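Engineer: A single structure is presented below for examination.
No lab work stands behind these numbers, since they all come straight from the coordinates. No experiment lies behind these values; they were computed from the predicted model shown. Every residue, glycine as well, gets a Cβ built from its backbone with ideal geometry; the counts of neighbours run over all protein chains shown.
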Amino acid sequence: MEEKKDILILGIESSCDETAASVVKNGRTVLSNVISSQIELHKLYGGVVPEIASRKHIEKINQVITEALEEANVTLDDLDAIAVTYGPGLVGALLVGVAEAKAISYAKNLPLVGVHHIEGHISANYIEHPDLEPPFACLVVSGGHTHLVVVKDYGKYEILGCTRDDAAGEAFDKVARAIGLGYPGGPKIDKLAKEGNPLAISFPKAKVADAPYDFSFSGLKSAVLNYLNGCKMKNQPIVEADVAASFQKAVVDVLVEHSMWAIDEYGFDKFAIAGGVASNSALRMAMEEACRKKGIKFYHPSPIFCTDNAAMIGVAGYYEYLAGTRSGLDLNAVPNLKLGER
């Protein structure tokens, strides 16, 4: 009997401020994962500047792909397909990755697979958890997204809830800026909150009346800003660690609460988190504890696979490739792409 051939996918990710390339074997084994981050550059501006991000991607993308192929010890001729993030994200940044993927696909006559960025985040869980297979529920929390998703099968999703305004990561960044911590806000608040009292200030937890699974964080962000302004006007001292801890608790409580409601209603025995905010230590601990109490298995990727990376795109691309998904050379960047759209 002929031995089954390994399937090698080159994943490319450039949706925000990370230029990344990865070679993934059979959808679960990461042979290389190269990330060129622009955080130091954007720190100067307190957030990501799209024009600068796009220019940096152009500078770095060939270099990152060459490095990923070398690290995996393969050449373009060994690949079975190219997977690339085509949305959602910053349009200029996405276009760099999409153009690069199309060029390689055309030059090497390789199948091209456009991947949804959120599908990539969800798929990051498959890398370190060989036992994880759909169906399961997943909370995707990042700078641009807060989604509660049912993963029905590989590439098949149902969105139970999403944010009506700010994403959780966006709220972290804005509150961090208000406290004076700078960019990126998530890791800085996580660190400072460890020194504070999460019960010091009672911040609101918004509920969306007609949609129990939806999230809203703009009111919480405003409440923090109002608290800080109030203290300044009354000349009261601001304990930044307490503000960070109390704000973080308000976000985490809502995320855990909504996730557990979904588990109760749908009867899942597996729950995963994904996205940049999934590396927040308070969120991980709270989710782990809530899942343990309900006797369900909890999954989360290592921090390196929580932030934007190409390994997750290679994994998602593998399952899309197996399902027969192919993109033409007319593939375009779609900055507001919805999960489940093609």
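Engineer: Mind sorting S36, S105 by how few other Cβ atoms lie within 10 Å of their own Cβ, fewest first?
Structural biologist: Ordered by Cβ neighbours within 10 Å, fewest first: S36, S105.
Engineer: How compact and how long is the range 134-301, expressed as Rg and Dmax of its alpha-carbon atoms in Å?
Structural biologist: Reported Rg and Dmax, both Å: 16.0, 55.
Engineer: Please work out the Cα center distance from the range 324-341 to the range 144-217, rounded to the nearest Å.
Structural biologist: Comparing the Cα centres of the range 324-341 and the range 144-217, I get a distance of 27 Å.
Engineer: Separate question: First measure r as the distance between the Cβ atoms of K294 and A209, then evaluate 1/(1 + (r/R0)^6) with R0 = 35 Å and state the FRET efficiency to the nearest 0.05.
Structural biologist: So the FRET efficiency works out to roughly 0.85.
Engineer: Would you give the gap between the C-alpha center of the range 88-107 and the C-alpha center of the range 1-77, rounded to a whole Å?
Structural biologist: 12 Å
Engineer: Counting only C-alpha contacts under 8 Å and six or more residues apart, can you give the relative contact order of the chain as a whole percent?
Structural biologist: 25 percent
Engineer: Give the peptides 178-185, 69-76 in descending order of average Cβ contacts within 10 Å, highest first.
Structural biologist: 178-185, 69-76
Engineer: Measure nothing fancy, just the Cα-based angle from helix 91-108's long axis to the longest principal axis of the chain, in degrees from 0 to 90, nearest 10.
Structural biologist: Helix 91-108 sits at roughly 20 degrees to that axis.
Engineer: Still on this structure, please answer the following. Once both labels are modelled 7 Å past Cα along the beta-carbon direction, what's the K232-K43 spacing in nm?
Structural biologist: Result: 2.4 nm between the two label points.
Engineer: In addition: Tell me, what is the Rg over Rh of the range 225-342, with Rh the Kirkwood radius over Cα pairs?
Structural biologist: Ratio of gyration radius to Kirkwood radius for the range 225-342: 1.11.
Engineer: Any chance you could list P(r) for the chain, counting all Cα-Cα pairs in 20 angstrom bins from zero, rounded to whole %?
Structural biologist: Bins of 20 Å from zero give 32, 55, 12, 0 percent of pairs.
Engineer: Over the range 134-301, what relative contact order in percent results from Cα pairs under 8 Å that are six or more residues apart?
Structural biologist: 26 percent
Engineer: When a footprinting reagent is the concern and you count Cβ atoms within 10 Å, what order do L225, L95, L199 take, fewest first?
Structural biologist: Ordered by Cβ neighbours within 10 Å, fewest first: L199, L225, L95.
Engineer: Let me ask you something else. Quote the relative contact order of the range 65-178 in percent (integer), defining contacts as alpha-carbon pairs under 8 Å separated by 6+ residues.
Structural biologist: Dividing the mean separation by the residue count of the range 65-178 yields 17 percent.
Engineer: Label-point separation (nm) for H129 and E195, each offset 7 Å from Cα along Cα-to-Cβ?
Structural biologist: 3.4 nm
Engineer: Still on this structure: With axes computed from alpha carbons, what is the tilt in degrees of helix 281-294 against the longest principal axis of the chain, rounded to the nearest 10 within 0 to 90?
Structural biologist: The angle comes out near 90 degrees.
Engineer: Same structure again: Which order, highest average first, do 133-140, 114-121, 321-328 follow once you tally other Cβ atoms within 10 Å for each residue and take the mean per peptide?
Structural biologist: By packing density, highest mean first, the sequence is 114-121, 133-140, 321-328.
Engineer: While we're here: Give the lysines whose C-alpha is closer than 19 Å to that of K156, dropping any in the same chain fewer than 8 places away, or say none.
Structural biologist: Within reach: K270, K338.
Engineer: How far is helix 311-322 tilted, in degrees, relative to the longest principal axis of the Cα atoms in the chain, given as a value from 0 to 90 rounded to the nearest 10?
Structural biologist: 50 degrees
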